[in-house]
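First comes the structure, then the notes that go with it.
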Amino acid sequence: MSAVLDDVFGLSEAQAAAGEAHAKFAAAEAARTPDLPAGMPLRPVRKVAVIGAGTMGGGIAMALANIGIPVTLVDAEAPGLQRGLARVKDNYAGSVARGKLAAQDMEQRLALIRGTLRMEDVADADLVIEAVFEDMQLKQGIFRQLDVLAKPGAILATNTSGLDIDEIAAFTARPQDVVGAHFFSPAHVMKLLEVVRAAQTAPDVVATLMDLGRRLGKVAVLARVYPGFIGNALFRNYTREAHFLVEDGALPHEVDAALKKFGYAMGIFAVHDMAGNDVGWQTRKAQMATRPTDRRWNDLILKLCDQGRFGQKSGQGWYRYEKGERTPLRDPGLEAFIVAESARMGIARKPMDEDEILKRCLYGMVNEGAKLLELGIAQRPSDIDITYVTGYGFPARQGGPLFMADRIGLDRVLADVRRLHAQYGYWWQPAPLLERLVREGRSLADLQAR
């Protein structure tokens, strides 16, 4: 790293140890919900129904079966259900082949997962988890059905990654039973669960989902309704600035190299290529006609998809890939296209050093985190930190984005946020909480005990 980068983002051994200690503290602290009475009776979760047998639904079913909970896996179409059940079996078989699971245990877990095409089969479930595509009308229609079919007192959870759960709950006559249960894919592996409390969610429903997260061996973090909740709200800022950096003068491998030096296992463009650049492609294209015109948008990824550059699965994306390999390789054709696009947009490209790359990728998350705290979307700073360490690959030794900001100094972070706001506009509007803390000489950690 450069000398400047070491000064801002580099860590001494003591600082790295403090970051890791904070991450452990944050994982334990996330389970504490101050406004729920201690010892509150929980609703029973003895049987669960999962709606949607795709990758997410199957993973959720596995996570539940792994702790001995019977699951009814529901899908609308027979081919989809069969593919889902086969994928579950293949996942377990892979664990057996690697010596991670006994064959007998695999059979016991598979026996706990029953597939069905009948929505009526949710009737005996204590908890129903909807895990279908991110389409509001589709989800609302399912919850209208669940309102009729699920037994009284059943918890109705949606696995949405950011839609308005109040709008989903409005399609039932029991909004007190509706809650967000945002699992991360693969759901049987990833350790984060965002529990999202809607406006009318009953306290015992919140407590039951938080406890279920613990039983599943996950870190359950409580959030309120907000576009993207905690995790994806910050991730939008991270991704957006990485894309703007590429338009402004960096190349994908330069952004990814800086992020890996910071401590991420993978850079954001390599992650895009692995996940598939076409995730949400058509939805985002459809939104272009009605989105606000007073701000900058990052559309370069949509143009890559128009060219068939979907990532690893197509052999080319932000990088190119040799057949049968997953190592990202620089692609001169893609880089020439990026330079041409900058020129088309009237952007005079300029070199971006590692320090500036990291500030733009990371400080937007800090600024957004301060907004979430002020709005009450997150309970405490450490909840935001552990969401990022557990679910998004933020390096544990950095402690999380807000812990990192306190270490660097909020005055220094805010100075850069103000500079970037003056230079780039809308997306960098400083969070009022961040400004107030700096004015008062306080840190984000000072908000922890509330």
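Identify all residues within the range 192-233 that are without any contact (Cβ under 8 Å) to a residue 60 or more places away in the chain, closer than 23 Å to ALA173 by Cβ and not in a helix (DSSP H, G or I); write none if there are none.
VAL195, VAL196, ARG197, ALA198, ALA199, GLN200, THR201, ALA202
Take the residues in the range 38-73 that are without any contact (Cβ under 8 Å) to a residue 60 or more places away in the chain and not assigned by TED's automatic domain parsing to the domain that holds ARG87; name whichever of them is nearest to ARG397 (Cα to Cα).
Here the residue is ALA38.
Please enumerate the residues belonging to the range 335-388 that are touching a residue at least 24 places away in the same chain (Cβ under 8 Å) and not in a helix (DSSP H, G or I).
The answer is MET345, ILE347, ARG349, LYS350, PRO351, MET352, ASP353, GLY376, ILE377, ALA378, GLN379, ARG380.
Report yes if ALA270 is within 25 Å of GLU335 (Cβ to Cβ), of a type in the set (Gly, Ala, Ser), assigned by TED's automatic domain parsing to the domain that holds ARG296 and in contact (Cβ under 8 Å) with a residue 60 or more places away in the chain, otherwise no. Step through it out loud before you land on a result.
Values: within 25 Å of GLU335 (Cβ to Cβ): yes; of a type in the set (Gly, Ala, Ser): yes; assigned by TED's automatic domain parsing to the domain that holds ARG296: yes; in contact (Cβ under 8 Å) with a residue 60 or more places away in the chain: no.
When the stated conditions are applied, ALA270 does not pass them.
Of these, THR116, THR55, which one is β-branched (Val, Ile, Thr), within 22 Å of VAL128 (Cβ to Cβ), modelled with pLDDT under 95 and surrounded by 14 or more Cβ atoms within 10 Å (Cβ to Cβ)? Can you show your working first?
On the way: THR116 fails: modelled with pLDDT under 95.
Being β-branched (Val, Ile, Thr), within 22 Å of VAL128 (Cβ to Cβ), modelled with pLDDT under 95 and surrounded by 14 or more Cβ atoms within 10 Å (Cβ to Cβ) holds for just one of THR116, THR55, which is THR55.
Across the range 188-217, what is the total count of residues that are among the β-branched types (Val, Ile, Thr) and within 18 Å of the chain's Cα centre (by Cα)? Lay out the reasoning, then the answer.
Here is the first cut: in the range 188-217, the ones among the β-branched types (Val, Ile, Thr) are 189, 195-196, 201, 205-206, 208.
In the following step, the residues that additionally are within 18 Å of the chain's Cα centre (by Cα) were identified as 189, 195-196.
Adding up the residues that qualify gives 3.
Sort through ASP105, ASP166, ASP135 and tell me the only one that's touching a strand residue (DSSP E or B) at 6+ places or on another chain (Cβ under 9 Å) and either at negative phi or surrounded by 14 or more Cβ atoms within 10 Å (Cβ to Cβ) (or both).
ASP166
Specify the residue that is farthest from the chain's Cα centre (by Cα); the eligible residues are those in the range 161-171 that are modelled with pLDDT of 95 or more and under 24 Å from LYS47 (Cα atoms).
Filtering the range 161-171 for residues that are modelled with pLDDT of 95 or more and under 24 Å from LYS47 (Cα atoms), the one farthest from the chain's Cα centre (by Cα) comes out as PHE171.
What number of residues in the range 262-291 are crowded, with 16+ Cβ neighbours inside 10 Å and not in a helix (DSSP H, G or I)?
First pass over the range 262-291, keeping only residues crowded, with 16+ Cβ neighbours inside 10 Å: 262-264, 267-273, 276-278, 281, 284.
Narrowing the set further to residues that are not in a helix (DSSP H, G or I) leaves 263-264, 267, 276-278.
Residues that pass the stated criteria total 6.
Using the structure shown, decide if ALA76 is out of contact with any Cys (no Cβ under 6 Å at 6 or more places or on another chain), in contact (Cβ under 8 Å) with a residue 60 or more places away in the chain and outside any helix (DSSP H, G or I). Give the steps one after another, and end with the answer.
Details: out of contact with any Cys (no Cβ under 6 Å at 6 or more places or on another chain): yes; in contact (Cβ under 8 Å) with a residue 60 or more places away in the chain: no; outside any helix (DSSP H, G or I): yes.
Taking the combined requirement at face value, the residue does not satisfy it.
Looking at (1) surrounded by 15 or more Cβ atoms within 10 Å (Cβ to Cβ); (2) under 27 Å from the mean Cα position of the chain (by Cα), can you tell me which one GLU341 breaks?
Single failed check for GLU341: (2).
Out of everything in the range 1-20 that is at pLDDT 85 or above and part of a loop (DSSP other than H, G, I, E, B), what residue ends up being surrounded by the most Cβ atoms within 10 Å (Cβ to Cβ)?
Going through the qualifying residues, I end up with PHE9.
Residue by residue through the range 400-442, note down the ones that are surrounded by 18 or more Cβ atoms within 10 Å (Cβ to Cβ) and of a type in the set (Gly, Ala, Ser).
Those that are surrounded by 18 or more Cβ atoms within 10 Å (Cβ to Cβ) and of a type in the set (Gly, Ala, Ser): GLY400, ALA405, ALA431.
From the list LYS371, LYS350, LYS323, which residue is at pLDDT below 95 and charged (D, E, K, R)? Don't jump to the end; show me each part of the working.
On the way: LYS371 fails: at pLDDT below 95; LYS350 fails: at pLDDT below 95.
Residue meeting the stated conditions: LYS323.
Taking the range 102-156, which residues are part of a loop (DSSP other than H, G, I, E, B), over 30 Å from the mean Cα position of the chain (by Cα) and acidic (Asp, Glu)? Reasoning before the result, please.
Narrowing the range 102-156 to residues part of a loop (DSSP other than H, G, I, E, B): 102, 112, 117-118, 123-126, 131-135, 150-154.
Remaining after also requiring over 30 Å from the mean Cα position of the chain (by Cα): 102, 118, 123-124, 151-152.
Within the range 102-156, just ASP124 meets the criteria.
Kindly indicate which of ALA38, ALA86, ALA27, ALA23 is over 25 Å from the mean Cα position of the chain (by Cα) and at pLDDT 95 or above. Write out each step before concluding.
On the way: ALA38 fails: at pLDDT 95 or above; ALA27 fails: over 25 Å from the mean Cα position of the chain (by Cα); ALA23 fails: over 25 Å from the mean Cα position of the chain (by Cα).
Among ALA38, ALA86, ALA27, ALA23, only ALA86 is over 25 Å from the mean Cα position of the chain (by Cα) and at pLDDT 95 or above.
Give me the pairs: first residue in the range 310-323 and in contact (Cβ under 8 Å) with a residue 12 or more places away in the chain and among the hydrophobic types (A, V, I, L, M, F, W, C), second residue crowded, with 19+ Cβ neighbours inside 10 Å and in a strand (DSSP E or B), beta-carbon distance under 6 Å, and six or more apart or on different chains, which are they?
So the pair list comes out empty.
For ALA270, all conditions in the list (1) closer than 21 Å to THR160 by Cα; (2) of a type in the set (Gly, Ala, Ser); (3) modelled with pLDDT of 95 or more hold save one; what is the number of the exception?
(1)
Inspect the range 187-202 for any residue being under 30 Å from GLY276 (Cβ atoms), of a type in the set (Asp, Glu) and crowded, with 22+ Cβ neighbours inside 10 Å and give the result as yes or no.
The answer is yes, given that some residue of the range 187-202 is under 30 Å from GLY276 (Cβ atoms), of a type in the set (Asp, Glu) and crowded, with 22+ Cβ neighbours inside 10 Å.
The values are calculated or read from the model by the stated rules, or taken from the named source; none is laboratory data. Because the structure is a prediction, the values reported are computed rather than measured. Positions of Cβ are backbone-derived with ideal geometry, glycine not excepted, and every protein chain shown enters the neighbour counts.
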